[in-house]
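Read the structure below first, then the notes.
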Amino acid sequence: MLGPNGAEGMNVLELFAGTGAVGFDLLEHGALHVDFVEIDSRRAADIKAEIQKRNLESRGTAYRSDATKILPKLAGNRYDIVFADPPYDIDPWEQLIDGLQEHQLLKPDAWIIAEHATRNPLPDNISGTTAINRKRYGDSTITIYQIPNAASRST
């Protein structure tokens, strides 16, 4: 999905990180830095331990926090990719995307990658973003959102 260069040089925010598998994979594929956010204290501690075990302290940071509440604290950071895989029984998308924009956490052309239940399709547009790709994996679907840039809006 990311193209031939993978995540090379990208800053990534992984929300609802769980084990951090996605963020660690992106680090292995060239991501510059990943901020992992997980509300479960045990899982957040496991991510922190894995960062240390892999000697990635300069390239990864683990936060134990609610994904929607941490966004103001991340102000000043700018991300190329935001990956979010919340529990399928909640719908945080509008609040998350609004918060990402309000706190200016997205670089131009950033992707918001939303993993969600296939049975609960996400709309084509959320809070000024547009779905640019969807891929179904059985019971899960990945929807990629992007904020249209000024040039694409005028054409």
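Computed from the coordinates by the stated procedures, all read-outs in this text should not be read as laboratory data. The structure displayed is predicted, hence computed values, not measured ones. Backbone-built Cβ (ideal geometry, glycine too); neighbour counts: all protein chains shown.
For the chain, what is the percent of antiparallel DSSP beta bridges, rounded to the nearest 5?
That works out to approximately 45 percent antiparallel.
Using helices alone, what [θ] at 222 nm do you get for the chain, with -39,500 (n - 2.57) per DSSP H run of 4 or more residues, divided over all residues and rounded to the nearest 500?
Numbers: 5 runs with 40 residues, N = 155.
Mean residue ellipticity at 222 nm (helix-derived): -7000 deg cm²/dmol.
Output wanted: per-residue J couplings in Hz (rounded whole) for region 110-126, from phi through Karplus 6.51 cos²θ - 1.76 cosθ + 1.60, θ = phi - 60°, x for Gly and Pro.
These are the phi-based 3J(HN,Hα) values: 4, 9, 10, 9, 10, 9, 8, 5, 4, 5, 10, x, 8, x, 5, 9, 9 Hz.
If the cut-off is a Cα-Cα distance under 26 Å, which lysines reach Lys107, setting aside same-chain residues fewer than 8 apart in sequence?
Once the sequence-local lysines are set aside, what remains near Lys107 is Lys48, Lys69, Lys73, Lys135.
Give me the net charge for the shell around Leu100: Cβ to Cβ below 15 angstrom, other residues only, Lys and Arg +1, Asp and Glu -1.
On the way: positive: Lys69, Lys73, Arg78, Lys107; negative: Glu14, Asp35, Asp66, Asp80, Glu94, Asp98, Glu102, Asp109.
Taking every Cβ under 15 Å from that of Leu100, the sum is -4.
In whole Å, what is the distance between the alpha-carbon centres of region 104-145 and region 1-62?
After rounding, the separation between the Cα centres reads 19 Å.
Please state the relative contact order of region 11-154 as a whole percent: Cα pairs under 8 Å, 6+ residues apart?
Details: 263 pairs, mean separation 27.8, N = 144.
Across region 11-154, relative contact order equals 19 percent.
Using only the alpha-carbon atoms, how far is helix 93-102 inclined from the longest principal axis of the chain? Give it as 0 to 90 degrees, nearest 10.
Taking the Cα atoms of the chain, the angle to 93-102 is about 80 degrees.
Report the net charge of residues surrounding Asn11, where surrounding means a beta-carbon distance below 12 angstrom and charges are Lys +1, Arg +1, Asp -1, Glu -1.
Details: positive: Arg59, Arg78, Lys107; negative: Glu8, Glu14, Asp35, Asp80.
Net charge around Asn11: -1.
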